[in-house]
Amino acid sequence: MPVRSAVLAALAGAALLLPAAPAATAAPADSRLAAESVTVDPAGRVAADGTVTLSGTYRCSAGTGAVFVSSSVRQGDSAVRHGIGGTRAVCDGLEHRWVNTATPAEGALKPGAARVEATLMELRTTSGLPLPSFHARQEQDVTLIAG
């Protein structure tokens, strides 16, 4: 009986402490999304030869395949997006910088307002085929600066 009484007393004591414990918050459906992000810097560069450089930051915590930060840009009312490179990502949970550079068709992009999309994407092999798995995406208005 003394063991039984000790166990009941311990359970009763634990029950008294439960209301004081902080409530657990519900994790997102895909908890990876809370720890993964990609940002776009508010300004990009257009060199005299038309080379465009975009940059920002990213954070990812896990990747089973190759992970990349890709970016694209468009200007004005055009629906045409110009791909601006891709950077291999390191998924270690820390924030890293990315910088992508490309030279689109001559005269395609000029200094001024633009819309950039950056995507943190992994190539996962499924049934022998590498298929994209998106970790994070950011779309942002930027200013392309001559230089």
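For segment 33-65, which positions are assigned to a loop (DSSP other than H, G, I, E, B) and aliphatic (A, V, I, L, M)? Explain how you work it out, then say what you get.
Narrowing segment 33-65 to residues assigned to a loop (DSSP other than H, G, I, E, B): 36, 39-42, 47-51, 60-65.
Answer for segment 33-65, where residues must be assigned to a loop (DSSP other than H, G, I, E, B) and aliphatic (A, V, I, L, M): Val40, Ala47, Ala48, Ala62.
I'm checking my understanding of the structure. Among residues of segment 68-79 that are at pLDDT 95 or above and not hydroxyl-bearing (Ser, Thr, Tyr), which one is nearest to the chain's Cα centre (by Cα)? Show your work before the answer.
Looking only at segment 68-79, we keep the residues that are at pLDDT 95 or above, and these are 68-75.
If we keep only those that are not hydroxyl-bearing (Ser, Thr, Tyr) as well, we get 68-69, 73-75.
Working: Phe68: 10, Val69: 8, Val73: 17, Arg74: 20, Gln75: 23 Å.
Step by step, filter segment 68-79, then rank; the result is Val69.
Name the single residue that is farthest from Glu36 (Cα to Cα) among those in segment 113-147 being of a type in the set (Val, Ile, Thr) and modelled with pLDDT under 95. First the steps, then the outcome.
So the first thing to find is which residues in segment 113-147 are of a type in the set (Val, Ile, Thr), and the list is 116, 119, 125-126, 142-143, 145.
So of that shortlist, the ones also modelled with pLDDT under 95 come out as 125-126.
On the way: Thr125: 21, Thr126: 22 Å.
My answer is Thr126.
Let me spell it out: the conditions are (1) touching a helix residue (DSSP H, G or I) at 6+ places or on another chain (Cβ under 8 Å); (2) among the basic types (Lys, Arg); (3) closer than 14 Å to Val116 by Cβ, and Arg81 meets all of them except one. Which number is the exception?
The single condition Arg81 does not satisfy is (1).
What is the number of the single condition among (1) on the phi > 0 side of the Ramachandran plot; (2) touching a residue at least 60 places away in the same chain (Cβ under 8 Å) that Pro111 does not meet?
(1)
Under 7 Å by Cβ, and 6 or more places apart or on different chains, what pairs join a residue from segment 119-147 that is without any contact (Cβ under 8 Å) to a residue 40 or more places away in the chain and farther than 22 Å from Pro42 by Cβ with one that is of a type in the set (S, T, N, Q) and in a strand (DSSP E or B)?
Qualifying pairs under 7 Å: Phe134/Thr119.
Out of (1) surrounded by fewer than 17 Cβ atoms within 10 Å (Cβ to Cβ); (2) touching a residue at least 24 places away in the same chain (Cβ under 8 Å); (3) under 17 Å from Ala136 (Cα atoms); (4) not small (Gly, Ala, Ser), the odd one out for Glu36 is which?
(1)
For segment 49-85, name all the residues that are touching a residue at least 40 places away in the same chain (Cβ under 8 Å), of a type outside the set (D, E, K, R) and over 22 Å from Ala136 (Cα atoms).
Gly50, Thr51, Val52, Gln75, listed by residue number.
The values are calculated or read from the model by the stated rules, or taken from the named source; none is laboratory data. All figures in this text were calculated on a predicted structure; none of them were measured in a lab. Please note: Cβ atoms are built from the backbone with ideal geometry, for glycine as well, and neighbour counts cover all protein chains shown.
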